[in-house]
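The values are calculated or read from the model by the stated rules, or taken from the named source; none is laboratory data. The structure displayed is predicted, hence computed values, not measured ones. Virtual Cβ from ideal backbone geometry, glycine too; neighbours counted across all protein chains shown.
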Amino acid sequence: MPAEELGPLPAGRHGYSREQVAHHQRERLIAGLAEAVAEKGYAAVTLSDIVRHAKVSRRVFYANFESKEQCFLAAFDVVVDHLRELIAEAAASESEWPQQAIAALRAVLAFLAEEPNLARLCLLESRIAGPVVIARFNEAVSEAAPALAKGRAERPEGERLPDSTEDSTLGSLISLAQREVAAGEAERLGALLPDFAELLLLPYLGPADAARLAR
Amino acid sequence: MRALPGRESRQPPGDQPVGREGAAADQRRRILEATAELISSQGYSETTMEEIVRRAKVGYATFYKHYPDREAAFLALLDAAIAHTTERVEGAYRREEGPWPDRMGAALGALFADVAAHPAAARCVLVEAVAAGAEAAAKHEAALKRLAKLMAPGRELNPRSDKLPESLEETLCGGVVWVLGQRLMAGEADKIRALLPETLEFLLRPYVGEQEAAREAGEAAEAISAA
């Protein structure tokens with residue numbers, strides 16, 4: 001949601017309630033931050049960059065956020081909430097675990113491929129945006145672990161998989177996505193679905209079934 | 001790292017490096033150590049030049065004599081840390097003469113030991129470098145590819161090796177980087193060694209199958225508890 005698409009806030013008497021204006025301002029700031037981060041990276045982004053992209057005043061920024069980090073956190077949360085919805089929707093469209101997992105992956109990868117700036121924000125910039133954001137990122141990842149662990153029921157050997165299987169599997173997928181995004185190849189993520197799916201299914205279904213279902 | 005004296009003295013007393021070359025090398029070491037410690041504790045984006053020179057106990061002029069800016073120091077730190085670690089990992093892999101899973105066990109053991117021994121530098125390489133600009137990300141990528149290269153012979157052990165995803169080795173290594181990075185970010189470098197058996201199992205499973213991977217992990221666990 002680039003700030004330009006939201007258009008300038010109408011001046012004077014516009015019939016919007018104070019709450020509606022405040023909500024718009026917050027959204028504009030979040031979109032402004034996402035644009036500024038895409039332009040120069042989180043480390044280099046200043047408050048002036050954010051308010052310039054959002055086309056609001058610094059006073060409005062401080063009415064909504066205490067700091068650059070807090071604004072980043074809000075943007076990160078918006079993206080993660082959206083991904084959470086996409087995953088839930090995709091999983092609900094299938095009845096079997098392997099297909100649910102593939103559908104969820106497909107939805108996430110398609111979103112990231114279509115929104116390379118947001119992919120960069122949530123996968124790369126979040127790793128250097130301070131301890132609060134890192135903790136939030138880790139929470140979001142650990143939320144996915146129980147859904148993945150359902151795969152353990154797919155075969156008897158699954159019972160004795162190491163405890164860290166979900167962590168290392170999710171980590172390898174995240175790192176694959178991070179590296180594509182870092183190389184400026186986020187658009188390729190959608191096409192990499194078979195690789196992601198095979199790696200995700202592998203510990204639970206074994207190599208042969210994982211390859212068959214993923215490809 | 002040896003304890004450094006108070007800020008009034010810019011040159012640590014005793015153990016004084018001999019000659020101009022020695023002094024310059026010592027300055028670079030102090031600058032890189034300070035860079036690693038600050039960036040690993042507060043993040044690349046939050047670390048300023050002022051903090052680095054203060055912690056390294058050098059003047060701005062000395063800093064600029066060695067590095068044009070903060071990024072150059074960070075990149076030099078990545079180069080030094082990656083060279084140090086890959087030498088150990090590849091050395092352990094070469095020295096182990098057993099079959100490939102044993103060689104991977106040795107390589108991974110060396111990696112985990114090195115990361116646990118140098119958590120600040122490791123965090124810079126494994127976590128911060130990914131998002132700290134194109135050059136830093138490229139160094140991270142190159143290091144990961146060197147690790148992934150050690151895994152290529154594993155394909156020969158898998159009957160359907162030609163059907164494995166092309167990105168498998170790099171992706172599995174990415175999983176290892178993730179596991180290490182998570183522990184480093186949680187300040188739990190001391191827990192890294194205990195994760196070796198499970199991580200080895202994760203790495204070997206696609207190549208040698210579940211049973212063999214679990215057996216190798218069991219051997220690694222025994223070796224750790226015996227040590």
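Please go through the stretch A:153-164 and pick out each residue that is in a helix (DSSP H, G or I) and either more than 9 Å from chain B (Cβ to nearest Cβ) or at pLDDT 90 or above (or both). First the steps, then the outcome.
Start the filter on the stretch A:153-164 by keeping residues that are in a helix (DSSP H, G or I), which leaves A:153-154, A:156-160.
Listed by number, the residues that qualify are A:153, A:154, A:156, A:158, A:159.
Out of A:197, A:211, report the one residue that is in a helix (DSSP H, G or I), among the hydrophobic types (A, V, I, L, M, F, W, C) and more than 7 Å from chain B (Cβ to nearest Cβ). It would help to see each step written out before you state the result.
Details: A:211 fails: more than 7 Å from chain B (Cβ to nearest Cβ).
Of the residues listed, the single one that is in a helix (DSSP H, G or I), among the hydrophobic types (A, V, I, L, M, F, W, C) and more than 7 Å from chain B (Cβ to nearest Cβ) is A:197.
Which residues, taken from the stretch B:28-71, are among the polar types (S, T, N, Q) and at pLDDT below 95? Explain how you work it out, then say what you get.
So the first thing to find is which residues in the stretch B:28-71 are among the polar types (S, T, N, Q), and the list is B:35, B:40-42, B:45, B:47-48, B:62.
Selection gives B:40, B:41, B:42, B:45, B:47, B:48.
Residue B:128: crowded, with 16+ Cβ neighbours inside 10 Å and farther than 23 Å from residue B:197 by Cβ, yes or no? Before the answer, list the steps.
Details: crowded, with 16+ Cβ neighbours inside 10 Å: yes; farther than 23 Å from residue B:197 by Cβ: yes.
Yes; evaluated as a whole, the condition is true for this residue.
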Practice problem: Just name the residue that is surrounded by the most Cβ atoms within 10 Å (Cβ to Cβ) out of those in the stretch B:167-187 that are within 9 Å of chain A (Cβ to nearest Cβ) and either farther than 27 Å from residue B:94 by Cα or at pLDDT below 90 (or both). | Solution: B:168
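Taking residue A:179 as the residue in question, decide whether it is in a helix (DSSP H, G or I), more than 7 Å from chain B (Cβ to nearest Cβ) and not aliphatic (A, V, I, L, M).
On the way: in a helix (DSSP H, G or I): yes; more than 7 Å from chain B (Cβ to nearest Cβ): no; not aliphatic (A, V, I, L, M): yes.
Answer is no for this residue.
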Self-check item: Scan of the stretch B:35-53 for residues that are away from chain A (no Cβ under 13 Å) and outside any helix (DSSP H, G or I), ordered by number
Solution: none
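Considering the stretch B:197-215 alone, what residues qualify as being assigned to a helix (DSSP H, G or I) and surrounded by fewer than 22 Cβ atoms within 10 Å (Cβ to Cβ)? First the steps, then the outcome.
In the first step, residues of the stretch B:197-215 are kept if they are assigned to a helix (DSSP H, G or I); the result is B:197-208, B:210-215.
Passing the criteria: B:198, B:208, B:210, B:211, B:212, B:213, B:214, B:215.
Here is a yes/no grid of residues against (1) surrounded by 16 or more Cβ atoms within 10 Å (Cβ to Cβ); (2) farther than 11 Å from residue A:121 by Cβ; (3) free of Cβ contacts under 8 Å to residues at least 24 places away in the same chain:
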{"position": "A:37", "(1), (2), (3)": "yes, no, no"}
{"position": "A:40", "(1), (2), (3)": "no, yes, yes"}
{"position": "A:59", "(1), (2), (3)": "no, yes, yes"}
{"position": "A:63", "(1), (2), (3)": "no, yes, no"}
{"position": "A:72", "(1), (2), (3)": "yes, no, no"}
{"position": "A:75", "(1), (2), (3)": "yes, no, no"}
{"position": "A:79", "(1), (2), (3)": "yes, no, no"}
Exercise. All but one of (1) surrounded by fewer than 18 Cβ atoms within 10 Å (Cβ to Cβ); (2) within 13 Å of chain B (Cβ to nearest Cβ) hold for residue A:146, so report the exception by its number.
Key: (2)
Self-check item: From A:103, A:38, residue being under 30 Å from residue A:198 (Cα atoms) and within 17 Å of the chain's Cα centre (by Cα)
Solution: A:103
Quiz item: Can you tell me which residues in the stretch B:56-108 are among the β-branched types (Val, Ile, Thr) and under 28 Å from residue A:41 (Cα atoms)?
Solution: B:82
Exercise. For the stretch A:24-49, name all the residues that are among the hydroxyl-bearing types (Ser, Thr, Tyr) and at pLDDT 90 or above.
Key: A:46, A:48
Quiz item: Restricting the first residue to the stretch B:22-38 and requiring it to be farther than 13 Å from residue B:48 by Cα, which pairs with a second residue that is modelled with pLDDT of 95 or more and surrounded by fewer than 21 Cβ atoms within 10 Å (Cβ to Cβ) meet a Cβ separation below 6 Å and a spacing of at least six or different chains?
Solution: B:27/B:62; B:28/B:66
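Kindly provide the set of residues from the stretch A:128-141 that are at the interface with chain B (Cβ under 10 Å from one of its Cβ atoms), touching a residue at least 24 places away in the same chain (Cβ under 8 Å) and more than 12 Å from residue A:41 (Cα to Cα), ordered by number.
So in the stretch A:128-141, the residues at the interface with chain B (Cβ under 10 Å from one of its Cβ atoms) come out as A:128-131, A:133-135, A:137-138, A:141.
So of that shortlist, the ones also touching a residue at least 24 places away in the same chain (Cβ under 8 Å) come out as A:128-130, A:133, A:137, A:141.
If the condition is that a residue be at the interface with chain B (Cβ under 10 Å from one of its Cβ atoms), touching a residue at least 24 places away in the same chain (Cβ under 8 Å) and more than 12 Å from residue A:41 (Cα to Cα), then A:130, A:133, A:137, A:141 are the ones that fit.
Can we say residue A:142 is of a type outside the set (A, V, I, L, M, F, W, C), farther than 25 Å from residue A:36 by Cβ and not in a helix (DSSP H, G or I)? Break it down stepwise before answering.
On the way: of a type outside the set (A, V, I, L, M, F, W, C): yes; farther than 25 Å from residue A:36 by Cβ: yes; not in a helix (DSSP H, G or I): no.
It is false that residue A:142 is of a type outside the set (A, V, I, L, M, F, W, C), farther than 25 Å from residue A:36 by Cβ and not in a helix (DSSP H, G or I).
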Exercise. Go through the stretch B:135-166 and give me each residue that's within 12 Å of chain A (Cβ to nearest Cβ) and not in a helix (DSSP H, G or I).
Key: B:158, B:159, B:160, B:164, B:165, B:166
Exercise. With the condition kept exactly as written, say whether any residue in the stretch B:91-104 is touching a helix residue (DSSP H, G or I) at 6+ places or on another chain (Cβ under 7 Å), touching a residue at least 60 places away in the same chain (Cβ under 8 Å) and within 30 Å of residue A:37 (Cα to Cα).
Key: no
